[in-house]
1. Asp584 passes all but one of (1) over 20 Å from Asp546 (Cβ atoms); (2) touching a helix residue (DSSP H, G or I) at 6+ places or on another chain (Cβ under 7 Å); which number fails?
2. Among the residues in the stretch 563-572, are any modelled with pLDDT of 95 or more and either part of a strand (DSSP E or B) or in contact with a strand residue (DSSP E or B) (Cβ under 8 Å, 6 or more places away or on another chain) (or both)?
3. If a residue must be within 16 Å of the chain's Cα centre (by Cα) and open to solvent by less than 10 Å² (accessible area, probe 1.4 Å), how many such residues does the stretch 639-660 contain?
4. Does the stretch 517-533 hold any residues that are without any contact (Cβ under 8 Å) to a residue 12 or more places away in the chain and not in a helix (DSSP H, G or I), and which are they?
5. Just to be sure, is Arg396 surrounded by fewer than 23 Cβ atoms within 10 Å (Cβ to Cβ), of a type in the set (D, E, K, R) and over 20 Å from Tyr73 (Cβ atoms)?
6. Yes or no: the stretch 6-27 includes at least one residue that is modelled with pLDDT under 95, touching a Phe, Trp or Tyr at 6+ places or on another chain (Cβ under 9 Å), surrounded by fewer than 21 Cβ atoms within 10 Å (Cβ to Cβ) and part of a loop (DSSP other than H, G, I, E, B).
7. Residues to consider are Arg719, Arg747; find the one that is among the basic types (Lys, Arg) and touching a residue at least 40 places away in the same chain (Cβ under 8 Å).
8. Applying the selection to the stretch 742-775, what residues are polar (S, T, N, Q) and part of a loop (DSSP other than H, G, I, E, B)?
Amino acid sequence: MITHPAYTTEPWCLREIGLDLDVLAQSESLFALSNGHIGWRGNLDEGEPHGLPGSYLNGVFEARPLPYAEAGYGYPEAGQTVIDVTNGKVIRLLVDDQPFDVRYGQLVAHERVLDFRTGMLHREVEWVSPGGQGVRVRSARLVSLVQRSVAAICYEVEPLNTAVRVVLQSELVANESLPPSGGDPRGTAALNTPLLSEAHDCTGTRALLVHRTTVSGLRLGAAMDHHLEAPPSVQVSSESFPDLGRVAITASLEPGQRLRLVKFVAYGWSAIRSQPAVVDQVAAALTTAVQTGWEGLVAEHRSYLDDFWARADVEVEGDERIQQAVRFSLFHILQASARAEGRAIAAKGLTGPGYDGHAFWDTETFVLPVLTYTAPRAAADALRWRYSILPKALKRATQLGLKGAVFPWRTIAGHECSAYWPAGSAAFHLGADIADAVVRYVHVTGDEAFERDTGVELLTQTARLWCSLGHHDSAGRFRIDGVTGPDEYSAVADNNIYTNLMAQHNLVAAAEVAQRQPDRAQVLGIDAVEIAAWRAAARSMMIPYDHDLGVHPQAEGFTSHQIWDFEATTDAQYPLLLHFPYFDLYRKQVVKQADLVLAMHLRGRAFTAAQKARNFAYYEALTVRDSSLSACTQAVMAAETGHLELAYYYLTEAALMDLDDLEHNTRDGLHVASLAGTWIALVPGLAGLREHDAGIAFAPRLPAGITRLAISICVQGSRLAVEITPTGTTYRVLNGPPLTLLHHGQRLTVSSTSPASAPNEEIANGPAPTQPRNRAPQPHREAR
C-alpha cells in the first residue's frame, strides 16, 4: 500500500508534497495523462529516476508467439503486447554542467499537482546542485483532449540566488530500457527494442523520428518543436540519431531571469500508410499545435473539461476522500476514452503496460455504464470498436465450430490473445456483456442511428452464438454448459447464472431489435423462425436453484463443492492465484470476484428481494475480492439489501484501489474498471440508479457519514441533476426535454421549470453479512 502521507485530500486535485522514490512507479500511474489516443505516464521531466517509463499510442502493439507445453486445436497462436513508443516527455537540465537529478545534491522542495479541472500536471521543484548552485524548476504538462495527436510541456527554470549557466536537452527517445516485469500474471510481457528505425531528422528547434514494429508491422512517427523565451545569450542546436532526437538550449541566467521552453509533441501511426504519409500526418499535427500555442492549447483543453464536468460531476459531502476519489476516477475514465475513436479502452487505459495493454469484458460491464451517462459519445465509440472487430469474432466462432460471433477475451487489435482457455476464451459471457452495453446505450441516449448502423448486428451475432453454444435438454430447459462466468476461481462450469441471465437478456434484445429494424434484419438474414428460436431459448433458460440452502448456486452444482479453508489461509496468501494451483480453486467454494452478485445487480428483476438478501449473505462469506472489479458490485448489492455501512466500506475500497495501491500493482497502471466502480458504487449503489422499461429508476439511500450526494447524468438528450440527502431526493432537468423517472417505484415527471422532490424510503435489513477471515473491507480512515 501507498502509506506515506505525501498525497493531500483536496476536492479538485491530487497533490503530492515531497517525493518518495520507493513508490515512484505508483505515482507515475496516478499522474499519468492521456486522451484515449496518446498516453504519457507521470514520469519526471528529466527522465530519471523512473519507476517505469511509459509512452503509449492506443492500438500500437507488437505481436509475439504464445508458447504452449501442449498445443491444442483452437488455441491462439500469437499474443499482442502494448509497447513503449517514442518518449516525448524528456527535458533534461544541466546546471553548470551538473545534471539535475533528485537523487543528488539537495532537493529543497518538490510538489506535483494533477488538476482535474484543467487536466494538467504541474510540478514545482527547488534544487541545489552538488556544486551549490540553486534553481527553481516549474513545469506544466498536458495531453490534448481537443487536438488528438498532440501533447505539450511548458518548462521554466530560474536561478535561486546566484547566476548559473543552464543547458536544456529536449528529447525524443525510442527503445528506452525497461525494468523486468516480474512474475505477476497481471503484468506485461517484456519486449526489448521493439522499434526499428526508418528515418530521423532535425532542423532548428524541430526533430522527427519514424519507426516500425518488427512483427506487427505498424509504422509510427513522433515529432517535436519548441517555443523559447530566454535571455539574448541563448544558443540552440539540434541533432538526430536512429533512436534519439535532441534540441539543446544553452543560456546564462542572472538572478531574476528565467528560461521558458514550450515543447510541442505530435504522434501518428498506421498499419497501412506509407512513411511519407505518416511523416506528413505528424508534421500537420505539430504545425497546428505550434500555431495554436501553449496558451491556446491550455484554453481549449480547459473548455473541453468544463463541458465534461458540467454533465458528469459527482458531489459528495461528509467524506473528503471519496469526493477526491470520484473526481480522480471520472477524470481518468475520460482520459482513457475521450479520443480513443475506433480503438479499445484497455484495462489499464494508457497509464501503464499492465495486462499487456489488453481490453477485456470490464470495458462494457463497468466502464461503459459510466460513459453512457456522462460521455455518451465515448461510449458509442467504444462499441463501434467492438463492431470494427466483428469480422474477426465471426471468424473465431467458425474456428470453434460455433455460429455468430465469439469476441476475444483479451485483445488489442481484435485477435484472441488469451493462452489459458478456462479463464479466458471459455468466458463466453463477454458477448452478452457487449449486448448489454448496446442495449443500455440505446435505452439511455435514444440513439436510433447507432442502433440501426451498429447495434442490430452486434445483438444479432451475439444472440446467434447463444443458440449455437446452448441447447434444450430433455426437459425443455435451455442449458449453456462448459463456460466460465466472471468468477475466475470457478471455470468451465454448467449453467453459470450470470452467463445464462445475460444471454437471456441478449436473446430478447436481439428479437426486439430485429422487429424494430426490419430492413436491417432482412440484410442480416434474420427470419421469423430465428426470432422464435431466440425467444424460446430465452423463455426456457435454465436458472439453477439450491432449495436445501435457499440460494442460487453460482453455477450448477457450485453449492455442493467443498468450502475453501479460509481459516487456514493467511493474509499473505492473497491473492490466491499467486499461491495456490487453479485446479484446487476450481473445485472449492471460493469466489475471486462478484459473479452471482453481479447477476443480481445487472439482471435484478430475475430475483426477488428475499432471494437477493439470502444470496448476498451467502456469497459474502465466500468472496475474497482478489479482483479489483468486485468491491463496487458488492457495494451496489449491499446498498440494495439495506446494509448501508457495508456498502460504504466497499465504496471506499473501490475508490481507493489505486490511490492506496490496494492490489499492489498500481505501478503497472491504473485499474480503469475499478475507477469506474467508484461511480458505480455511488450512483447505481447509493443512488440506486437502474434502467427499466420506461426509462430510469432511483432508490436513494445514504449511509451515515455521507450527508449529501449530488450527481449529474445525461438521459435522452437531457441533463438531469439528482440531489440526495439522508431524508429525501430532488430531481432537476438542467437542460433538455422533460423526463419521467421512478423514485422508489413512484413515477415522477421532471422538467427544467418543474423539479420534483420525494422522501427516501428505508429498507429493513437482516443480520450483517460476514466475510472470509482477513477479507472484510477495511474501516474508514481519516482524510489527510
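The values are calculated or read from the model by the stated rules, or taken from the named source; none is laboratory data. Quick caveat, the model's predicted, so the values are computed rather than measured. Positions of Cβ are backbone-derived with ideal geometry, glycine not excepted, and every protein chain shown enters the neighbour counts. Protein only, heavy atoms only, side chains kept; ligands, DNA and RNA dropped before computing areas. Shrake-Rupley method; radii C 1.70, N 1.55, O 1.52, S 1.80 Å.
1. Looking at each condition in turn, Asp584 falls short on (2).
2. yes
3. The first filter runs over the stretch 639-660 and keeps only residues within 16 Å of the chain's Cα centre (by Cα), leaving 654-659.
Filter again for open to solvent by less than 10 Å² (accessible area, probe 1.4 Å), leaving 654-655, 657-658.
Final tally of qualifying residues: 4.
4. Gly525, Asp527
5. Details: surrounded by fewer than 23 Cβ atoms within 10 Å (Cβ to Cβ): yes; of a type in the set (D, E, K, R): yes; over 20 Å from Tyr73 (Cβ atoms): no.
Taking the combined requirement at face value, the residue does not satisfy it.
6. No, that holds for no residue.
7. Of Arg719, Arg747, the one residue that is among the basic types (Lys, Arg) and touching a residue at least 40 places away in the same chain (Cβ under 8 Å) is Arg719.
8. Our first condition is that a residue be polar (S, T, N, Q); within the stretch 742-775, this holds for 746, 749, 751-754, 757, 760, 765, 770-771, 774.
Passing the criteria: Ser751, Ser752, Thr753, Ser754, Asn760, Asn765, Thr770, Gln771, Asn774.
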